[in-house]
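Encoded as structure tokens, the structure appears first; notes follow it.
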Amino acid sequence: MSRRAIIAGAGVGGLSTALALSRTRFDVTIYEQAVALEEFGAGLQLTPNATRILARLGALEAVRESAMIPDAVYALRGSDDAVLMRLPLADAERRWGAPYLALHRADLQQALAQLAERDDRVELRLGSAVASVAPGEGRVHVELTQPLTTIEDAADLVIGADGLRSRVRRKFGAGPSDAPAFTGRVAFRATIPAHLVDSRWTEPQVILRLGPNAHLVHYPLRNGSIVNVVAVIEDTWRDGEPEHPWDGVADRPALERAFAGWSASTRRLLDAARSWRAWPLFGRPALGAFALAGRVALVGDAAHPMVPFLAQGAAQAIEDAGALGSALAGAATIPDALAAYSSARVARATRVQREALRQGRIYHLNGAMAAARDATMRLLGGRRLSARYDWLYGA
Ligand SMILES: Cc1cc2nc3c(=O)[nH]c(=O)nc-3n(C[C@H](O)[C@H](O)[C@H](O)COP(=O)(O)OP(=O)(O)OC[C@H]3O[C@@H](n4cnc5c(N)ncnc54)[C@H](O)[C@@H]3O)c2cc1C
């Protein structure tokens, strides 16, 4: 099998896939539209189903260096900080076979990019946007736009790791009905210097605060020097407003309205953030296959963008990379490998997409339904609730 691959996009999905393909002796060129891998984004939780694969790819140690290892997730009632549940994570490695980490997205991307740069089989070319993809006789042709020119390239395999608004998916997609759709939720994100927040919130713990129509997640990063905060509210987003999450202009009054009436400690935390970035959350219809046209496949958000309520956006992209590497190692031809990859991944990724939406609905319950949720959490306790994640983390 001739082995050269082109990957569109150097996010977590594209970089992990490059490492996985290199291990199956593919020469890989990653084309990334951005001219530099900059410090975008904020915190990510990396669950054991993902860290297990990073270990297999030889990337876990590098990633772990910049990560925080939380010892528990606490769920608090937003109105008064009553503890609803403590889900222990200190034994994650024993229980699920790999650690549970939290880290800055930029640190994860940098760690993966450095491994890719050190890998003789992987070439990373920045400032090169994949503009079109055309499958031909046993090869796939790609047109790329660069700041001053347009170039062409071809490979045996093309991977679309180009995120929510994937051009590769558009080329092979199901037409207008396949467009990203706003979910009615907006995530406000901030990182706060640790000295501005209560020292309790710099402990290695993930705190989830639940209230009507909103929730808040926070945890420390970078050796406790900053606290990552994500506040998710029900809000509007209209066509024409900034689309890209990281360009969003935060609607601070909407945030204040959503958290009026929450506990004093929640309010203090929100007040401590100097600047917020708004991230309108989008979904996309589930695909029936992640392999397109025999020699083209999708990974990560391009294949299955998901709301972040199960913390699985990056994790599922890493699972894709692991599955693609295994499929290519085990199949006689590239089309066979991509078919195997697709059937290994579609059902699980679609389930995770669906469960993440369900989790969001549970987090935002009101009135009697919220009281029932809180009582259930207290009754079951963290140990029994953590068993509900075995299918996800233990896979
Ligand atoms: C800038 C950014 C910051 C993020 N920060 C967070 C975060 O803090 N927390 C969180 O939970 N999730 C974050 N996400 C989402 C999360 O990273 C993804 O769910 C997950 O990592 C899946 O990654 P991905 O590689 O599939 O997609 P993405 O992370 O979206 O990466 C796609 C990459 O493809 C590039 N690209 C797009 N189109 C083209 C093209 N035509 N040609 C070449 N390259 C192209 C993009 O520039 C990007 O680098 C972020 C996404 C982005 C883009």
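Every condition in (1) more than 13 Å from the ligand (Cβ to nearest atom); (2) assigned to a helix (DSSP H, G or I) holds for ALA315 except the one numbered (1).
Name the residue, out of GLY13, GLY41, that is assigned to a helix (DSSP H, G or I) and within 6 Å of the ligand (Cβ to nearest atom). Steps first, answer last, please.
Working: GLY41 fails: assigned to a helix (DSSP H, G or I).
Selected residue: GLY13, the only one of GLY13, GLY41 that is assigned to a helix (DSSP H, G or I) and within 6 Å of the ligand (Cβ to nearest atom).
To keep it simple, each residue is scored yes or no on (1) more than 30 Å from LYS171 (Cβ to Cβ); (2) in a strand (DSSP E or B).
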| position | (1), (2) |
| --- | --- |
| GLY294 | no, no |
| ALA297 | no, yes |
| GLU319 | no, no |
| LEU328 | no, no |
| ARG345 | no, no |
| GLN353 | no, no |
| ALA368 | yes, no |
| ALA372 | yes, no |
| LEU380 | yes, no |
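No other residue among GLY138, GLY163 is in contact with a helix residue (DSSP H, G or I) (Cβ under 8 Å, 6 or more places away or on another chain) and within 29 Å of GLY325 (Cβ to Cβ) apart from GLY163. Picking from residues in the stretch 1-28 that are surrounded by fewer than 19 Cβ atoms within 10 Å (Cβ to Cβ) and touching a strand residue (DSSP E or B) at 6+ places or on another chain (Cβ under 8 Å), the one that is modelled with the lowest pLDDT is ARG3.
Filter the stretch 242-274 down to residues that are exposed (fewer than 14 other Cβ atoms within 10 Å of the Cβ) and modelled with pLDDT under 85, then give me how many there are.
In the first step, residues of the stretch 242-274 are kept if they are exposed (fewer than 14 other Cβ atoms within 10 Å of the Cβ); the result is 242, 244, 246-247, 249, 253, 256-257, 260-261, 264, 268, 271, 274.
Among the residues that remain, those that are also modelled with pLDDT under 85 are: 242, 244, 246-247, 249, 253.
Result for the stretch 242-274: 6.
Residues that are hydroxyl-bearing (Ser, Thr, Tyr) and farther than 27 Å from THR191 by Cβ: does the stretch 32-48 have at least one? Among the residues of the stretch 32-48, not one is hydroxyl-bearing (Ser, Thr, Tyr) and farther than 27 Å from THR191 by Cβ, which makes the answer no.
Every residue in the stretch 10-21 that is closer than 11 Å to GLN109 by Cβ and not hydroxyl-bearing (Ser, Thr, Tyr), please. Break it down stepwise before answering.
Of the residues in the stretch 10-21, the ones closer than 11 Å to GLN109 by Cβ are 10-16.
Selection gives ALA10, GLY11, VAL12, GLY13, GLY14, LEU15.
Residue check: THR333 meets all listed conditions (1) away from the ligand (no atom under 11 Å from the Cβ); (2) closer than 30 Å to VAL186 by Cβ but one, namely (2). Does LEU54 meet the test of being assigned by TED's automatic domain parsing to the domain that holds LEU108, crowded, with 24+ Cβ neighbours inside 10 Å and within 30 Å of SER132 (Cβ to Cβ)? No; evaluated as a whole, the condition is false for this residue.
Reported count of residues in the stretch 295-312, each being among the small types (Gly, Ala, Ser) and either free of Cβ contacts under 8 Å to residues at least 40 places away in the same chain or touching a Leu at 6+ places or on another chain (Cβ under 7 Å) (or both), is 2. Filter the stretch 95-138 for residues that are acidic (Asp, Glu) and not in a loop (DSSP other than H, G, I, E, B); which is nearest to the chain's Cα centre (by Cα)? Applying the filter and picking the extreme gives ASP107. Of the residues screened, ARG384 is one that is more than 14 Å from the chain's Cα centre (by Cα), more than 16 Å from the ligand (Cβ to nearest atom), not acidic (Asp, Glu) and not assigned by TED's automatic domain parsing to the domain that holds ASP156.
The values are calculated or read from the model by the stated rules, or taken from the named source; none is laboratory data. Keep in mind that this is a model prediction, so the values were computed, not measured. Ideal geometry is used to build each Cβ from the backbone, glycine not excepted, and the neighbour counts take in all protein chains shown.
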